[in-house]
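Heads up, the thing below is written out as structure tokens.
Values in this text are rule-based calculations from the coordinates and carry no lab data. Just so it is clear, the structure is predicted and the values come from calculations on it, not from any experiment. Here the Cβ is made from the backbone with ideal geometry for all residues, glycine too, and neighbour counts use every protein chain on show.
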Amino acid sequence: TPQQFTLAIDRPHEQWMDNFVVSENRELLTNLRSVQPEFSGFWLFGQRGSGRTHLLRASCLWAQSTGQKVAYVGCAQYLDSQGHLVAGALSTSLRQAGGPGRLVAVDDVGKLAGRRECEEALLALYQQLLDGRGRLLISHGQPATATAFHTPDLNSRMRSLMHFHLQPLQDKDKADVLRQRADSRGYALSQAVLDYWLARGPRDLEALLTDLDVLDRASLVHKQKVTIPLLKQVLGY
């Protein structure tokens, strides 16, 4: 029997302000959307899956839509196959990211802590954006006060940024994320499926989204909508 298979070229989910599940983070979104005539800096911290990367990417897209020049630097992208930081490449990207009036987002900044050339590049970026009335967004799992940079001036600069603690999503919020992702791909997830899934599946949002990709492919292969029996069969919950 012929089967339908999907190619591994699914377009990444676009991370916009409007499709971020706000939950208890409304004040943060209001601040990220505000436009200031002077330099502004934000340090976003929270547990894995709390939406830090989403908000940094969404802020870049939003600023770009208003005509502002932006740069996104994902520090995790500069890890080699053994998980070691390629410090030279990251420091170069940080030094090239700035510019007058520019918004620069540095994601997973903890990856560079302790690497002097990267720390010095981040400090130079901060100063460039400060002088050029730009905007700096930083993300990490911890607040800056709990992050030990080896460069003293960098510690003080990072701790001076406006800090926001991203609150973890509750199950109803995770359901909204999954429903939203499914809707963007052209199909619906029933409340019964979501209730069953969240009661038995992983608690981590990133793991749930990985499972959604698996269900998405299985739904196309089997040519049926996502149901509880299909979820049981594919994910084993």
Inset, instruction - Give the span of the chain's Cα atoms along each principal axis, as three whole-Å numbers ordered largest to smallest. - result: 63, 39, 33
Inset, instruction - Would you mind computing Rg(Cα) / (2.2 N^0.38 Å) for the stretch 189-237, counting N as its residues? - result: 1.03
Legend entry - Centre separation in Å (Cα based) which lies between the stretch 85-131 and the stretch 161-202: 33
Inset, instruction - Just list whichever of LYS69/LYS111; LYS111/LYS172; LYS172/LYS225; LYS69/LYS172 have alpha carbons separated by over 28 Å in the model shown. - result: LYS111/LYS172; LYS69/LYS172
Inset, instruction - Over every pair of different alpha-carbon atoms in the stretch 36-117, take the mean of 1/r and invert it; report that Kirkwood radius in Å. - result: 13.8
Inset, instruction - Can you tell me which of 164-177, 40-53 comes out highest on packing, and rank the rest after it, using the mean Cβ neighbours within 10 Å? - result: 40-53, 164-177
Legend entry - When the stretch 106-237 is reduced to its Cα atoms, the Kirkwood hydrodynamic radius in Å: 17.9
Legend entry - Label point 7 Å beyond Cα of ASP204 along Cβ direction - residues of the stretch 54-83 with amide nitrogen under 17 Å: 54, 76-77, 83
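Please work out how much length the chain gains when fully extended from LYS69 to ALA146, using 0.36 nm per residue of separation minus the C-alpha to C-alpha distance, in nm with one decimal. Can you show the working numbers first?
Numbers: separation 77, 0.36 × 77 = 27.72 nm, distance 3.09 nm.
Working it through step by step, the gained length comes to 24.6 nm.
Rounded to the nearest 500, what is the 222 nm mean residue ellipticity of the chain from helices alone, with -39500 (n - 2.57) per DSSP H run of 4+ residues and division by all residues? Write down the numbers at each step before the final one.
Working: 9 runs with 107 residues, N = 237.
Helix-only estimate at 222 nm: -14000 deg cm²/dmol.
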Inset, instruction - Starting from the Cα of LYS232, draw a straight line to each of the aspartates and glutamates and keep only those under 16 Å, dropping any in the same chain fewer than 8 residues away. - result: ASP195, ASP211, ASP213, ASP216
Legend entry - Fraction of beta bridges assigned by DSSP in the chain that are antiparallel (%, nearest 5): 5
